[in-house]
Structure formats: C-alpha cells, structure tokens
Amino acid sequence: EGIAATFSVCEIGAQLCWLGTAGQAGGYKVYTATGYEATAISFEGIDFALAQFSQADLAAATGESYTDQHHDFYLLTVGHTTFVFDFQTAQWHTRRSFVDAISGILGPWRMRWHCFGFGKHLWLDANTGVAYESSILFGTDVDELPIPRERIGPSICRNNQELDLGEIELTMQGGIGNTNDPGANPMVGLSISDDGGQT
C-alpha cells in the first residue's frame with residue numbers, strides 16, 4: 001500500500017496512520033500499521049468521499065493525532081474537510097469550521113499541529129497561526145464562531161416498504177448552553193428523508 005500524501009503520516013501510540021493508494025484496485029484508503037502490516041481503517045463512505053477530491057488536494061493532505069478523554073484520534077485534513085477516526089469506537093466523523101457563519105460556508109477544521117503542554121491541548125490555527133486551546137468544555141470554535149454539529153443516522157427500511165415511525169427519541173448529553181448569550185436556548189433540528197437518503 002503506497003502513500004498518497006507525504007504529510008498525512010502520523011504516529012499515534014504504537015501505530016502509524018496515513019492516506020494511501022488502494023493498491024491495484026485503485027482509489028484511496030486510510031491505513032494504519034503496527035509493525036509492517038498495513039490495515040485499512042477507512043470504509044466505503046470515506047473512500048468515496050476521498051475519491052471526490054482533486055489529485056492536488058489529496059497530495060496536500062495533512063495528518064495529525066492526539067488523545068483526549070481516553071480516545072485516540074487520527075485527523076486527516078483534505079481540501080475543505082477534516083476526517084477524524086476514533087480508535088476506541090472505530091468510527092469516523094468530520095470536523096469543520098465556519099469560514100462564514102452568516103452564509104453557512106464551512107471549511108476544514110482550523111486546528112492543526114497539536115501539542116499537549118501545561119495540561120492543555122494546544123493547536124495552531126491554520127488560517128492565522130494563532131495558538132488556541134481546545135477542550136470539550138468550550139461551546140465555540142475559533143473567533144467565537146459556533147461549532148457546527150450534525151449527526152446522520154443510518155437509513156432505516158424494511159424490504160423497500162414504507163415504514164411508520166410513531167416516535168423518535170433523542171438521547172444526548174446536555175451541554176453548557178451559550179456562554180456568550182446565556183439567555184439564548186440551544187436549538188436541535190431534525191431533518192427526515194422519505195426517499196432513502198437522496199434528499
């Protein structure tokens with residue numbers, strides 16, 4: 001398995017992670033290796049998303065790793081998206097930062113080049129070079145912009161038949177609300193697709 005982006009290589013614990021070419025089958029995958037054996041940790045959805053980027057974006061991809069709340073994370077920033085793999089849950093998610101919160105334009109997560117010092121997770125902002133601290137206790141991103149969060153559940157169907165859902169229960173951990181405007185109530189939105197996730 002080759003390497004597609006020189007600076008995507010990152011060490012986390014005893015493992016290496018990188019963005020690689022998917023052998024003779026073609027395409028791109030994210031790999032991890034302990035010793036000399038590479039294992040793909042990306043799945044079809046991530047592989048498809050990677051295939052949508054240009055060769056230039058893929059070659060310029062960067063990798064980063066850190067550990068927080070007993071979870072080891074590998075972050076791969078490609079173009080306008082930061083893909084994150086959680087080794088403890090074996091799940092992927094994306095992190096994005098608002099370029100412009102008013103128009104809703106998102107770019108990659110601005111935090112890069114992590115170090116843990118003085119008991120804090122410290123990062124450099126890729127846009128400005130300013131050092132920031134990250135914490136699960138913070139309710140805003142850099143420049144006091146909101147943190148965009150979206151959870152997409154799996155498509156639920158029964159033999160391509162219509163399925164009635166009488167109730168939906170949302171279980172979530174309550175946060176700290178809006179520290180900038182304590183009187184404002186946080187909002188949760190729900191979008192439902194009735195055509196198998198096409199819209």
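The values are calculated or read from the model by the stated rules, or taken from the named source; none is laboratory data. Quick caveat: nothing in here was measured; it's all calculated off a predicted structure. Using ideal geometry, Cβ is built from the backbone for each residue, glycine included, and neighbour counts are taken over all protein chains shown. Side chains are part of the model used for accessible areas, which takes the heavy atoms of the whole protein and leaves out ligands, DNA and RNA. Shrake-Rupley method; radii C 1.70, N 1.55, O 1.52, S 1.80 Å.
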Output for Cβ contacts, cut-off 7 Å, separation at least six or different chains, first residue on the phi < 0 side of the Ramachandran plot and of a type in the set (D, E) in region 53-75, second surrounded by fewer than 20 Cβ atoms within 10 Å (Cβ to Cβ) and assigned to a loop (DSSP other than H, G, I, E, B), reads D57/G79; D72/G13; D72/F87; D72/Q88
Given the conditions (1) closer than 20 Å to F116 by Cβ; (2) under 15 Å from the mean Cα position of the chain (by Cα), every one holds for L50 apart from (1)
**Study point:** Any chance Y28 is under 21 Å from H114 (Cα atoms) and either among the small types (G, A, S) or at pLDDT 90 or above (or both)
**Key:** no
Checked pairs for region 119-138, first open to solvent by 40 Å² or more (accessible area, probe 1.4 Å), second β-branched (V, I, T), C-beta under 7 Å and 6 or more apart or across chains, list as Y132/V142; L137/I176
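Can you name the residue in region 28-62 that is acidic (D, E) and closer than 20 Å to W109 by Cα and, of all such residues, is most open to solvent (accessible area, probe 1.4 Å)? Before you say what the answer is, go through the steps one by one.
Looking only at region 28-62, we keep the residues that are acidic (D, E), and these are 37, 44, 47, 57.
Keeping just the survivors that are closer than 20 Å to W109 by Cα gives 47, 57.
Details: D47: 25, D57: 60 Å².
Looking at residues that are acidic (D, E) and closer than 20 Å to W109 by Cα, I get D57.
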For S103, the lone unmet condition from (1) at pLDDT below 80; (2) farther than 20 Å from H80 by Cβ is (2)
- Query: Does S65 fit the bill of being within 14 Å of the chain's Cα centre (by Cα), of a type in the set (S, T, N, Q), open to solvent by less than 60 Å² (accessible area, probe 1.4 Å) and farther than 16 Å from I136 by Cβ?
  - Reply: yes
Residue count, region 139-174, condition assigned to a loop (DSSP other than H, G, I, E, B), open to solvent by 90 Å² or more (accessible area, probe 1.4 Å), within 19 Å of S193 (Cα to Cα) and of a type in the set (S, T, N, Q), comes to 2
When region 113-153 is checked residue by residue, the ones that are under 19 Å from D100 (Cα atoms), under 15 Å from the mean Cα position of the chain (by Cα) and not hydrophobic (A, V, I, L, M, F, W, C) are D141, P148, R149, E150
Within region 10-27, restricting to residues that are more than 19 Å from the chain's Cα centre (by Cα) and on the phi < 0 side of the Ramachandran plot, the one that is surrounded by the fewest Cβ atoms within 10 Å (Cβ to Cβ) is Q24
Next item on the list: Would you check if there is a residue in region 26-42 being assigned to a loop (DSSP other than H, G, I, E, B), over 26 Å from I147 (Cα atoms), in contact with a Gly (Cβ under 8 Å, 6 or more places away or on another chain) and without any contact (Cβ under 8 Å) to a residue 60 or more places away in the chain?
Entry: no
